[in-house]
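What follows is a set of notes on a single structure, which appears directly below.
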Amino acid sequence: MTKEELLEKANSLPLAPGVYLMHGRDGEVIYVGKAKKLKNRVSQYFQAGRGHNIKTHAMVGLVEDFDTIIVGSEFEALVLENALIKQHMPRYNILLKDDKGYPFVRLSREAYPRFSIVSRASDDGAKYYGPYGGRFETRSALDAVRAALHLPACSKTFPRDIGKERPCLNHHMGRCDGFCRADMTAEEYNRRIGLAVQLLEGKVRLVTAQLEEEMQAAAENLRFEEAAALRDRIAAIRVLSKRQKVFAGVCADTDVWGLYLGAKCCFAVLHYEDGQLTGREAELFAPPALEDEAAVLSALLLQYYGGRAVLPREICIPAEIEDQEVLEQLLTEKAKHKVILRVPQRGDRAHVLALAAANAREEAERQTTSQERSDRTLELLGKMLGLPETPEWLESYDISNTGSDDIVASMVVFHGSRPARERYRRFRIREVSGHPDDYRSMEEVLTRRLTHYMEQDRKFMPLPDVMLIDGGEQHARVARRVAERFGLAIPIFGMVKDDRHRTRALITPEGREIGMQSTQAVFSLIGRIQEETHRFAITFNRESHAKSVRGSTLDGIPGVGEVRRTALLKHFKSLKAIRAASLEELQAVVPKNAAQAVYDWSHPRAPAEAPRSETAGAIGGHAETDAEDL
């Protein structure tokens with residue numbers, strides 16, 4: 001179907017809640033979405049000028065047809081959408097990895113029970129403790145419990161392997177009491193397991209008290225080695241109680257969400273129990289075809305908690321979502337207790353929300369290559385500027401002058417987010433004199449630049465995808481006027497600075513400002529381009545001014561050209577030193593005739609003694625050297 005036919009079909013839909021399925025060319029379901037009003041939502045995909053992001057635009061370009069399922073309420077639409085996403089696994093939906101759930105500690109039911117970590121409790125006769133906040137933290141705590149009680153962490157199976165081999169390295173390091181030895185009993189093993197269970201249940205004081213009684217008894221019976229071992233075990237458990245925060249309970253009390261949408265997208269969930277951080281999960285996901293952060297967050301929450309057996313009582317999220325009440329209802333019914341979605345604005349919850357966001361950003365950036373970051377930044381820039389395609393070549397201009405003299409301009413080129421220094425160009429302004437005029441100077445520079453392009457000068461090809469002018473609305477307007485004179489349609493924007501001379505926004509020739517502070521990657525890129533353009537212009541201006549000062553003094557001396565002038569300045573370092581040099585010192589640097597001319601210039605005769613010369617009027621004059629486009 002054509003886009004016009006798809007729009008016509010969408011406009012015929014009812015204003016009712018439901019789910020829509022987008023089909024590709026082979027009938028494959030490529031996207032599943034929900035809507036309060038199907039007609040309004042689905043028709044937006046096929047309306048011209050909606051300004052979808054790049055991924056949505058690509059998805060819509062593949063749609064050949066769509067189906068809809070009308071339901072009775074938003075709640076039913078939410079449930080059905082989740083089920084259809086799991087069934088079809090559409091490539092343009094957010095697809096998380098298999099649900100892991102909150103971790104449980106499992107204690108097997110056998111003569112020598114063993115601990116393990118599982119995703120959910122099962123009805124298999126084993127004992128389960130938890131759930132706990134995160135798998136890494138739970139594993140670390142379980143390892144610490146084993147080490148404190150000297151329980152085995154190896155893969156040996158008891159009683160099968162008892163007495164068959166020598167004890168492993170853990171026994172010789174004092175981390176295990178060697179229950180694989182023949183003199184160790186099942187009773188002692190199970191007694192230690194009982195103490196481990198009490199530790200997992202948070203009964204640290206009870207376990208410590210029991211071990212202290214055993215230590216006192218051993219000391220009274222003169223079993224000092226055993227008493228010392230119990231003392232060390234008590235100390236290890238006390239350290240464990242301070243370092244490890246594994247809590248028992250029916251659920252994690254609070255989950256705090258952080259979300260980062262960049263070159264790689266990531267969410268992070270911090271699990272809190274009784275005010276203590278007990279775990280963290282972070283997962284990357286593909287950049288979504290959804291329109292905003294709230295829509296992405298809604299899809300993530302539904303998938304993340306949809307397959308979990310245990311849910312928190314409170315979920316803190318960074319933005320309000322459209323179907324928040326409906327999702328709360330769904331999660332509450334699933335958890336069998338009240339689940340609240342909250343958007344903290346201040347206080348401790350807002351602080352941990354910022355912490356979760358930092359975790360998400362750090363995880364995403366850690367796994368993002370510099371090229372991926374660059375591509376994503378340019379994609380965001382293109383979207384902000386309303387460009388039909390992601391820009392690749394960025395060209396920037398700045399004017400620099402010293403009063404009314406030495407007016408120069410710089411042209412800096414970025415390929416992606418990297419400077420393409422081989423394409424930098426410098427201009428000496430020729431048509432503006434007497435007083436600075438940035439507008440006329442910019443007009444001259446761009447006219448010369450585009451003339452080179454029209455003449456197929458390879459040094460000035462290709463044209464940029466975006467042209468950035470250091471200045472405001474009027475500068476951008478001048479640049480566009482020049483481009484239109486050549487019949488070229490180049491996106492042109494001025495770079496507006498704040499009071500600290502930093503670019504704070506871009507501005508169109510019509511005067512519309514485009515803020516960048518909310519998108520840090522784009523803000524940093526434009527700032528770097530502006531700084532590099534200014535640096536390149538200032539450097540050329542200083543070089544040009546220094547050359548003018550030197551040239552106005554030395555260029556009029558007969559026999560002293562560029563090479564000899566450079567040699568003199570290099571040797572004597574300054575004009576003052578040249579004036580003070582003797583004839584012999586000058587002859588050591590330049591030929592005799594040139595040395596004599598410089599010496600005569602440095603030691604002028606009295607007016608009555610001055611001989612008439614054809615070159616007298618040239619001495620001290622200014623010889624302009626016109627810099628060409630480099």
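The values are calculated or read from the model by the stated rules, or taken from the named source; none is laboratory data. Everything numeric in this text was worked out from a predicted model, so none of it was measured. Glycine gets a Cβ as well: all are built from the backbone with ideal geometry, and neighbour counts include every protein chain shown. For the accessible areas, the whole protein counts, side chains as well, though only heavy atoms, and no ligand, DNA or RNA atoms are used. Shrake-Rupley method; radii C 1.70, N 1.55, O 1.52, S 1.80 Å.
Cross-link pairs exceeding 21 Å in C-alpha to C-alpha distance, out of Lys9/Lys36; Lys9/Lys37; Lys9/Lys39; Lys55/Lys264; Lys459/Lys570; Lys34/Lys55, comprise Lys459/Lys570. Close amide H partners of Lys497, meaning residues 5 or more places away or on another chain with modelled amide H under 5 Å apart, are Arg504. Using a probe radius of 1.4 angstrom, the carbon and sulfur fraction of the accessible surface of the range 1-92 is 52%. To put it simply, the accessible area of the range 421-476 at a 1.4 Å probe is 44 percent carbon and sulfur.
To the nearest 10, the accessible area of Ile234 is 10 Å² with a 1.4 Å probe. Sorting 410-417, 78-85, 154-161 by average packing, meaning the other beta carbons within 10 Å per residue, from highest down gives 410-417, 78-85, 154-161.
Ranking of Lys336, Lys39 by solvent-accessible surface, largest first: Lys336, Lys39 (1.4 Å probe, protein heavy atoms only, all chains present).
Of the trypsin sites (Lys or Arg not before Pro) in the range 466-523, the ones in a loop by DSSP (not H, G, I, E or B) with at most 15 other beta carbons within 10 Å are Arg500, Arg502, Arg512. Across Arg120, Arg91, the residue with the most accessible area heads the list, and the full order at a 1.4 Å probe is Arg91, Arg120. Between the C-alpha center of the range 357-405 and that of the range 293-335 there is a gap of 33 Å. Karplus-based coupling profile of the range 423-428, in residue order and whole Hz: 9, 4, 9, 10, 10, 9, with θ = phi - 60° in 6.51 cos²θ - 1.76 cosθ + 1.60 and x standing for Gly or Pro.
Dipole magnitude for the range 431-487: computed about the Cα centre from +1 point charges on Lys and Arg Cβ and -1 point charges on Asp and Glu Cβ, it is near 180 debye. Here is the list for the range 508-540: GluC sites (Glu not before Pro) lying in DSSP coil, each with at most 10 other C-beta atoms within 10 angstrom of its C-beta, are Glu510. Neighbours of Leu78, meaning other residues whose beta-carbon lies under 10 angstrom from its beta-carbon, give a summed charge of -3 when Lys and Arg score +1 and Asp and Glu score -1. For the peptides 570-577, 213-220, 362-369, the ranking by packing is 362-369, 213-220, 570-577, with the highest mean count of neighbouring Cβ atoms within 10 Å listed first. Between Glu225 and Gln345, the FRET efficiency estimated from the beta carbon spacing at R0 = 45 angstrom works out to 0.15. Ordered from largest to smallest accessible area (heavy atoms of protein chains, 1.4 Å probe), the residues Glu76, Glu281, Glu372, Glu225 come out as Glu225, Glu76, Glu372, Glu281.
Computed from backbone phi, the HN-Hα couplings of the range 457-463 come to 6, 5, 5, 10, 10, x, 5 Hz, rounded to whole numbers (Karplus: 6.51 cos²θ - 1.76 cosθ + 1.60, θ = phi - 60°; Gly and Pro given as x).
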